[in-house]
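Take a look at the structure below.
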Amino acid sequence: MAAGNPSSIHAAGRDARKILESARETVAGYCHARPADVIFTSGATEANALALHALGKGRPILIGATEHDSIRTAPGAITLPVRPDGTLAPETLEAALVAHPGALVALMAANNETGVLHDIEFAAKTCTAQGALLHIDAVQAIGRNNRDWLGMGATSISLSGHKFGGPMGAGALIIRQGIEIEALTKGGGQEQGRRGGTQALPAIAGLAAALGEPYEAGKIATFRDEIETFCINLGAIAAGSTAPRLPNTTNLALPGIRAETQLIALDMEGIAVSAGSACSSGKLAASHVLTAMGYGDLAGQAIRVSLPWNVTAEAVEKFTTAYAAMVKRALRKAEHSA
Amino acid sequence: MKIAVAMSGGVDSSVVAGLMARAGHEVIGITLQLYDHGAATARKGACCAGQDIYDAKRVADRLGIAHYVVDSEARFKKSVMSAFADSYAAGETPVPCIACNQHLKFGDLLEMARDFGAEAMATGHYVRRIDGPNGAEMHQAVDENRDQSWFLFATTRAQLDFCRFPLGGYASKAEVRAVALEMGLAVAEKADSQDICFVPSGSYAGIVEKFRPDALESGEVVAEDGRVLGAHQGIARYTIGQAKRLPDAAAHMVVKKIEPGTRRIVVGPRGTQSKIVTLRDVNWLVEPREIRATAKLRARDTLHPAAITPNGTGATLTLDEPALAAPGQAAVFYDGTRILGGGFII
């Protein structure tokens, strides 16, 4: 890896620039965009912030209720409710676009907690017809459920390298041709003046290298379904399981058992699951995604199980064994108190 | 065995985690987040977690044990802070640490530890658990100055059975700090925590005002015969036996009674104390029966010999000599170093 700064004009800088631009071409090709329309950032949080800032200026901002916090914290954003399965009703979007003409709509292609897919094709068509812009948070969908979102009519998409096997610290905002982006951080004018600050070249190179890895969606979905059926038989509720979903995600609520307890129990068996969203203290908040889907108290009793690309039958069995032991302990308590 | 350790981020519970790890147990450190530190200190941009959570995490890192932060804010607000204010509004003098031990540490956390598969739970309390012929017994700590048994009387026998208190046998806090130092724990020199953790300034009126502003409304200070002697700025500022904050006309008198309904503070001369003390929500660590024991009516109190008669979920205490008993405080029964039970003074 070159040690130069891609903005430097000496030989080491030129070498660095070559790596950077090659990465840009890879990302552009993968996302059906031109290299000039790829803006590297520190990750998807920054890419989302840049989209909200640059595209949302002077426009009402409409967001889905299950979006990531980097979108939900947009000041003044109007939240669109989702249906119990986590999807957005077509009429909800249509009505909001009529009520708020010229809006910027921000939707995630796939939800990070449930894997539920939004119908981006419909959203893009509707936004285009109403003169609205559409930003897609594609963080979870990249590599697992790719679509030509820009081709469908989306204005921009954001992605994050470490979600598909790259290192942490690099992401990108990819925009439709002809869209102007005003920087959040002007700095030294990098990324054609759209994102100041020296690029994290090692992380960006890693991001590009990780794109396009093979992904056996069918096999992974089979394992996921096996886990889900097993847990449902033990009393779990799988949120969003009736909607179109990513192949690797299941969100399992276990009535009466706090998410933290489940997380600790599974962690003790060497299984890393997540739940809700963690504050920097490590404290868990109830899932806003499940809350938006109407799950009430269960939003604090659900864990998110994400299967890695290389999941094995042994790993699935390890999970189901640990889950069954956890449920057994919970049942013993219920009998005890009954 | 798998043992959960309640870690506050202070030196005591940090040493407990270290002792359990050193003994070869699989230690699962848990820190309860009791309130939003950022909101409590009203600093803009401050994280919800305070220094204590950070310290607990670093101790766990140092010891190489698992550590989790558990959100207990809603429970703490309801069962401790709000109950604290309600108790003052009812004319009582509450002990929030007892409520916290009862509902959060030995209630929710202990249940959680059972649920995630722990076989025991250890805490940094200064009290001893001794296996007796009829199960686990609770005894005062060896270090009388540190003894916390009065605050733990509400621990049930089933809970006690599941608990370990490794610090109860230490002769002094200095010894515990020395162990922390020897383990290389950064908290070895950390200052002891203050009286009420959620009242960092030491003024609890702010909490009462937030939950029960009615308890800070002014009212009359009256003599036992009903004569009005002056005014007060809220019943929450008074406790039975208090001599401070009374009007000049009530100089040399003490609070005898607090009447929440009329917001009246009744004062009278010192000395006329009662022999009969009625208790509610009594927890027995022995089979409930009529007993003779010594009782502590406040955290730092001398022992009062008494006869104790169970009465439903409550009990009646007949003291040999009259003593001051403030409603809301606890009366805890001892036989030597052993805790037999206790209840809340009505």
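Quick note: the coordinates plus some simple rules give every number you see, no bench work behind them. As the structure is a computational prediction, the values presented were derived from the model and not from experiment. No Cβ is skipped: glycine too gets one built from the backbone with ideal geometry, and neighbour counts run over all protein chains shown.
With only the Cα atoms considered, segment B:274-345 has a convex hull volume of 73 Å³ per residue.
From its DSSP helices (H runs of at least four residues, each -39,500 (n - 2.57)), chain B gives a residue-normalised ellipticity at 222 nm of -5500 deg cm²/dmol. Size descriptors for the protein assembly as shown, from the alpha-carbon set: Rg then Dmax equal 30.9, 98 Å. For segment B:180-196, the Karplus equation 6.51 cos²θ - 1.76 cosθ + 1.60, evaluated at θ = phi - 60°, returns couplings of 4, 5, 5, 7, x, 8, 5, 8, 3, 9, 5, 5, 5, 6, 7, 3, 10 Hz by residue, with Gly and Pro reported as x. Rounded to whole numbers, the Karplus 3J(HN,Hα) couplings from phi for segment B:3-8 are 10, 7, 10, 6, 10, 8 Hz, using 6.51 cos²θ - 1.76 cosθ + 1.60 with θ = phi - 60°, and x at Gly and Pro. Estimated from the Cβ-Cβ distance and a Förster radius of 30 angstrom, the FRET efficiency linking A:Arg332 and A:Ile232 is about 0.90. Here the 3J(HN,Hα) profile of segment A:25-33, calculated from phi with Karplus coefficients 6.51, -1.76 and 1.60 at θ = phi - 60°, is 5, 4, 4, 4, x, 5, 9, 6, 10 Hz, Gly and Pro shown as x. Measuring between alpha carbons in the structure, the pairs from B:Lys2/B:Lys57; B:Lys244/B:Lys275; B:Lys77/B:Lys244; B:Lys77/B:Lys105; B:Lys78/B:Lys105 lying more than 21 angstrom apart are B:Lys244/B:Lys275; B:Lys77/B:Lys244.
Seen against the Cα atoms of chain A and their longest principal axis, helix A:313-337 is set at about 50 degrees.
Pair-distance distribution of chain B: all C-alpha pairs, bin width 10 Å, starting at 0; shares per bin in whole percent are 5, 23, 30, 25, 13, 3, 0.
Over all pairs of different C-alpha atoms in segment A:228-312, the reciprocal of the mean inverse distance, the Kirkwood hydrodynamic radius, equals 13.2 Å.
Legend: calculated FRET efficiency, B:Lys257 to B:Arg22, from the Cβ-Cβ distance at R0 = 56 Å, rounded to 0.05, equals 0.60.
Can you give me the Rg/Rh ratio for segment A:11-210, using Cα atoms for both radii and the Kirkwood formula for Rh? Rg divided by Rh gives 0.97. Report note on the peptides A:129-138, A:207-216: ranked by the mean count of other C-beta atoms within 10 Å, highest first, their order is A:129-138, A:207-216.
Counting other C-beta atoms within 10 Å, which of B:Trp284, A:Trp149 has the fewest, and how do the rest follow? Before the final figure, lay out the partial values.
Details: B:Trp284 19, A:Trp149 26.
Result, fewest neighbours first: B:Trp284, A:Trp149.
Residues of chain B were split at every exposed loop site, defined as trypsin sites (Lys or Arg not before Pro) in a DSSP loop with at most 16 other C-beta atoms within 10 angstrom, and the longest piece left, sites excluded, is B:45-226. Which log10 I(q)/I(0) values does chain A give at q = 0.10 Å⁻¹ under the Debye formula, counting every alpha carbon as one identical point scatterer? The Debye formula, applied to the Cα set alone, gives -0.63.
Treating r as the C-beta distance of A:Asp85 and B:Gln273 and R0 as 56 Å, the FRET efficiency rounds to 0.25. For chain A, the tally of Lys pairs with Cα-Cα distances below 21 Å comes to 4, considering only residues 8 or more apart or on different chains.
Solvent-free Debye calculation, one equal scatterer per alpha-carbon of segment A:234-279: log10 I(q)/I(0) at 0.13, 0.19, 0.23, 0.29 Å⁻¹ equals -0.34, -0.71, -0.97, -1.20. In plain terms, the chain from B:Arg289 to B:Asp131 could stretch by 54.8 nm, reckoned as 0.36 nm per residue minus the Cα-Cα distance. Distances between placed amide hydrogens fall under 5 Å for B:Ala122 paired with B:Ala4, B:Val5, B:Ala6, B:Arg164, all partners being 5 or more residues away or on another chain.
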